[in-house]
Amino acid sequence: MPMTAAFETILLDFDRTDHVATITLNRPDQLNAFNRTMCEEVAAAWRIVKNDNAINAVVLRAAGERAFSAGLDIKTPYGQPQNVWNHEDPGELLSPKWQKMWKPVICAVHGMCTAGAFYFVNESDVVICSSDATFFDSHVSAGLVCALEPIGLMRKIGLGESLRIALMGNDERVSADTALRIGLVSEVVEPDDLWSRAHEIAATIAAKPPSATQGTVKAIWESLDKPYRVAMEQNLIYTRLGNPLGQAELAEQERDATRVAPKVR
């Protein structure tokens, strides 16, 4: 039975049967732009999910029809410290990886996805979108340096496509089909099918041994920050640590399946 946790700017639901949590950005009247409250609530949600042993995968989606997210809410002050050297990157709160949450995240994008919304896309493990999705970065059109979001974006689609998105600003929208072609998303579905398909992918992943899936996420993401040989050596250690755990979980799943299997006469 799905369960829900209460927040002001997001929804957090739990499907204990499928072992999937769903985070829904829930400021549709503000195009799901994030303010400090949303950033802090998303970080809290990552921590809740991280520590819930009954949850093995997460869907990240957004309410409303117009936008997945318009990025930072520029109509309200974020509340940065006066000392410029103490300014914070909102992306650290929005990021499951900064929160050391290694459960697989499936991001479902619809409508407009711009500027700081790339934080969500960049930090997810599987990204799908609906056919009405459009991606662009509005920073330079507003006279702002586009400096943070492209760092994560380059890891997904490369330097050339990231520069094009960053420099074209509001004057070019990446369609769902183009997003699929350049590898920004891995699948395009009809709008009515977006949430169900995201849940289906998450449930499929969640059914696998969690030590194996979480170890895979951790190993791959951490390797991005390391030289090739160092990453290979570290990830060999992760296989030594994670494989016995994952295989034990798989054996337990198989025993449970045998217990509940109906008897045949």
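Any read-out appearing in this document is the output of simple, stated calculations on the displayed coordinates, not a laboratory observation. The model shown is predicted, which means the values in this text are computed figures rather than measured ones. Don't worry about glycine lacking a Cβ; one is built from the backbone with ideal geometry, like all the others, and counts go over all protein chains shown.
Table for the structure above
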{"item": "Nearby lysines by direct alpha-carbon distance to residue 218 (threshold 27 angstrom, same-chain neighbours under 8 apart not counted)", "result": "50, 97, 100, 103, 156, 208, 226"}
{"item": "Ranked list, fewest to most other Cβ atoms within 10 Å of each Cβ, for 259, 27, 155", "result": "259, 155, 27"}
{"item": "In nm, spacing of pseudo-spin labels at residue 54 and residue 66 (7 Å Cα→C-beta vector)", "result": "3.7 nm"}
{"item": "Net length gained if the chain between residue 245 and residue 167 were fully extended (0.36 nm per residue, minus Cα distance)", "result": "23.5 nm"}
{"item": "Label point at residue 254 placed 7 Å out along Cα→Cβ; residues across region 180-218 whose backbone nitrogen lies under 20 Å", "result": "205-214"}
{"item": "Estimated vicinal HN-Hα couplings, Hz - region 71-78 in sequence order (Karplus 6.51, -1.76, 1.60; Gly, Pro = x)", "result": "x, 5, 6, 7, 8, 10, x, 6"}
{"item": "Residues with amide H under 5 Å from that of residue 109, placed H, sequence gap 5 or more", "result": "128, 129, 130"}
{"item": "Other-chain or far-sequence residues with amide H under 5 Å of residue 20's (modelled H)", "result": "15, 56"}
{"item": "Calculated [θ] (222 nm, deg cm²/dmol) that DSSP helices of n ≥ 4 give over the chain, each run adding -39,500 (n - 2.57)", "result": "-13500 deg cm²/dmol"}
{"item": "Integer Hz, Karplus 6.51/-1.76/1.60 couplings in order for region 126-134, x for Gly and Pro", "result": "10, 10, 10, 9, 8, 5, 8, 6, 9"}
{"item": "Residues 50, 97, sorted so that the one with the fewest Cβ neighbours within 10 Å comes first", "result": "50, 97"}
{"item": "Projected-area mean, region 122-198, by convex hull of Cα positions, square nanometres", "result": "5.0 nm²"}
